[in-house]
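Readers should treat all values here as calculations from the given coordinates under stated rules, not as data from a laboratory. Predicted model, so just to flag it, every value in this text is computed and none were measured. Cβ: placed from backbone, ideal geometry, glycine included. Neighbour counts: every protein chain shown.
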């Protein structure tokens, strides 16, 4: 039986009659533990479904409510999260689209019919929002068959705050392409595609924002505002008011702050006058929606407001109010905003008492003075303690409950284990409700669906026991956050004029744009590429398969090639040889590993399953996939060598823990190698916490380990008593002997030195190796190496994880102070990174002056033994508020309560370091913030000055250029794409290419720079495939065929028809390039057909020119299979040049001649006269030629 079924059966239970039936007008449920609230409320909701707003302490608590209500039978589609939306008060930044979409979707759910449940923290519930009547009126619905005025519809869409963007990827965007309209409505999980036939809506379907392909039909499209502040029809009065207020307030500021205020407000006033949406618009919500209330005011007349521990809510709301007030005041003093009280944006805690139908839940039995109550019910529900490890105590307690006639509801995700544990204590459970009245009060019911923590209500004769009490696992299946991965690594899609490109025949040049030219009366589109002056190349769009975007791991620009002279061919030849050599090394390792036989690990033991159930989170889909792949490798008869690649904090360690336990269960030892002492400490704690309770003996060796402990660890490792040894590279030393080493877990291998990497290489042949890396590896490279080095990519975030808000700012004390105070006011902690040991204590003094009340700890790599550990432990325990450190915290510190990172002199750090540092925060369900502060000399004025310098000052110019293009670009890359999984997304291509360089090694990186990443990857992939096939079938000796053969371009076609993707069909140049590239890269008819279907799906019925382009591409594929090199169909005759004229049986041409007596055949080409449409004529010839070849072959047989 499921937990939900039992909760439904409680609806008619007399023991809960007062809870379920009392009118909740000023009602208080007293003495109710937090653990009992979702279950009892769910029972009440199922008895009386009502639109409800639940206000609870924070986002984490809100997620727990959502998960528990769903387990208790509330339909999941009825439950909505209402996130906070006041980030604009603290910083001028674009809204976090996913959170804003969720917020607007939840606000909409509050005014819709139906018993929706909305869950919010106090801040989110009290924030001023759009008035109820505006939300109701700002609504559009479209259904198939409707007739719409498209221009008017788009104006209405813009009025709701939607932005034009192609392609549409995130909520609040739309794009129009002819008769196709793409819209991503707020509050929805997927965007919609509306196809029009004239003015009539022909179809509506949802589509995948990543692939842009349609998913399925939708009955209707409902549109609500995409902004929480909407523009009125007339903004003139507000504009004048802003300007006059700015003049008045500027008079009270210093000169620099006054100038800033006047300039900012003038810009805002101009944007308002032009009725354009802008990021700071929410600051003027009090003016634009003066009658706005908060979420509570949207409940209507028949709703219910639930206050989860009102006294706690009052404290949190008051603190938030004060924090907001301070931020507004500080920003007004700096001339960033006009003076505004916090009440303009957030209502006071007392507003929680404004709704008549209110239910308060409390265990404290103390309420705020402003909360008026009419009736109180004593629930009598007390929290249970965890009994893990104390089986006798648990057994005694449960027996006592049954003896007292208390119903036991045992909710679990591990029913078999629970049944076994309870039966050993002679407690036998049932899975059906007993109807015998004498047995009613004394039954132990086993239910599927763990509620995480239990309670007992002696007076109501109900006790809830969960996996939390039975096994110490308070794990809840939290709702999975939807994940938008974004575009793949850079392709021609983001090719812009000025970018470097590689032509596989001519080398590296600069792309200058798409140009149209008429050649012999036929309009064609060309890519204009500039080479070393004066060389220029116009590449026909149908030869785009020969062009790639140039990407490389370094910051330096490449050298341009000449079109003549043979330099590129020499470079390419060298790259081919190096790719082959690199592939040989990989394949040798692959072959050696397959030759070594070891006893396969068996399938999972019951203990393995039990240990995995103690994981306190829900596995993400890609994490589960990686776990399965690792286990499958371990069950093979040869050693594993798998690389698990995943964004920071996405759960790679859990994969290592499970693999480790599997090895230990098979009687083998495990070595866990870490690049830093801190990471080793962190892993030791994690492994000890998870595996220790199952009797696994774990030891740690690092520079802080005492000689006594080290000696004991070494002896235990040698004897086999120590099953898991965690440490830095020291555990690779000769002094360490393993009794039976089976698995090596290597974290961040790229951070080890050359010597350690060589030792690891030797290990790989004999021992299973699992490597973890947070440096993203491009998909194309991972695909190239997938067969040789097994790889798993984890690219979706844990449930409830929010993107890290990233800010790039010049250094300013006020910014630091506000960021720290905001974090401390919500009970959090701060990482402050300053990477110079000699002056780190001066920074500590500065911080003490800025935030006198904060507790600060300092940590750096030059600390003596025993100095750093107390600081780290203090920070982990929450005894230190700010950890001021060097980049030693880059790896390994995992503290969910630390959600603000400040990096001083961030311009001096590399992108990979900044990326890793940012991963230290945002490891919980709280909104995290990262501030990258740079010194003032990176100002734009300096960059402009550097650009205007004379030749004599070229060195200084070079210095400034490096700052602007290197450091600033790195910082902007982080700010530009702070989405989750960003390591795998477009804005992180530079980091990916660096990751590729690290994976391949220094020598290969040099070769990659010479020919570009994409071409080099193709060379490796081809070489690896050839050699691996050879190894799998026979020894890998001798040379293989040219790896570039698979890159051979298709036959060139000259056909007197217009065959292109017209601007009228695909307006955006980058999108046209993208589809040209996809089309020209197709190497089989199925792939080409898929691309054609995608183009039609996204842009509507193709025009004749588009159909021609696909037809000719299809013919080129078939012509290549027939061995043709060139086809020219001008002047009513088809001229075919063959790749190898001598390769055909002469009878083929004899048979063709019978079809067309006018055919001419020379040693160089075949001439085939035709009349009518050229494409149809070529199709006829292709068919005739293919048939002739088949006939000859059949005749030979």
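Side notes on the structure shown:
- Anisotropy class of the stretch 1052-1196 from Cα gyration tensor, a/c 1.5 cut: prolate
- Cα centroid separation - the stretch 569-612 against the stretch 1065-1082, whole Å: 36
- Among 89, 921, 501, sorting on how many other beta-carbon atoms sit within 10 Å of each Cβ, with the fewest leading, yields 89, 501, 921.
- Among 248-254, 77-83, the order from most to least packed when residues are scored by Cβ within 10 Å on average: 77-83, 248-254
- In the chain, the DSSP beta bridges split such that about 40 percent are antiparallel, to the nearest 5.
- Based on the convex hull around the alpha carbon atoms, the chain presents an average projected area of 55.6 nm².
- Counting neighbouring Cβ atoms within 10 Å and putting the fewest first, the residues 1133, 137, 35 line up as 137, 1133, 35.
- Two-site FRET efficiency, residue 535 against residue 607, from Cβ-Cβ distance with R₀ of 51 Å, rounded to 0.05: 0.15
- Distance histogram in 5 Å bins (all Cα pairs of the stretch 140-223, percent per bin): 3, 16, 30, 29, 18, 4
- Put in line by how crowded their Cβ is, counting other Cβ atoms within 10 Å and starting with the fewest, 849, 576 read 849, 576.
- Separation of the residue 1162 and residue 151 label points, Cα + 7 Å toward Cβ, nm: 5.8
- As a rough guide to protection, the peptides 884-890, 867-873 ranked by mean Cβ packing within 10 Å, highest first, stand as 884-890, 867-873.
- Nearest-0.05 FRET efficiency for residue 759 and residue 588, computed from C-beta distance (R0 30 Å): 0.95
- Label point 7 Å beyond Cα of residue 477 along Cβ direction - residues of the stretch 71-89 with amide nitrogen under 11 Å: 71-72
- Backbone N under 16 Å from the residue 404 label point (7 Å along Cα→Cβ), restricted to the stretch 443-467: 443-444, 454-465
- Mean Cβ count within 10 Å, highest first, over the residues of peptides 1056-1064, 208-216, 655-663: 655-663, 1056-1064, 208-216
- Based on alpha carbons, the Rg and Dmax found for the stretch 384-471 are 11.8, 35 Å.
- Under the Debye formula (equal points on every Cα, no solvent term), log10 I(q)/I(0) of the stretch 592-684 at q = 0.16, 0.20, 0.23 Å⁻¹: -0.74, -1.14, -1.40
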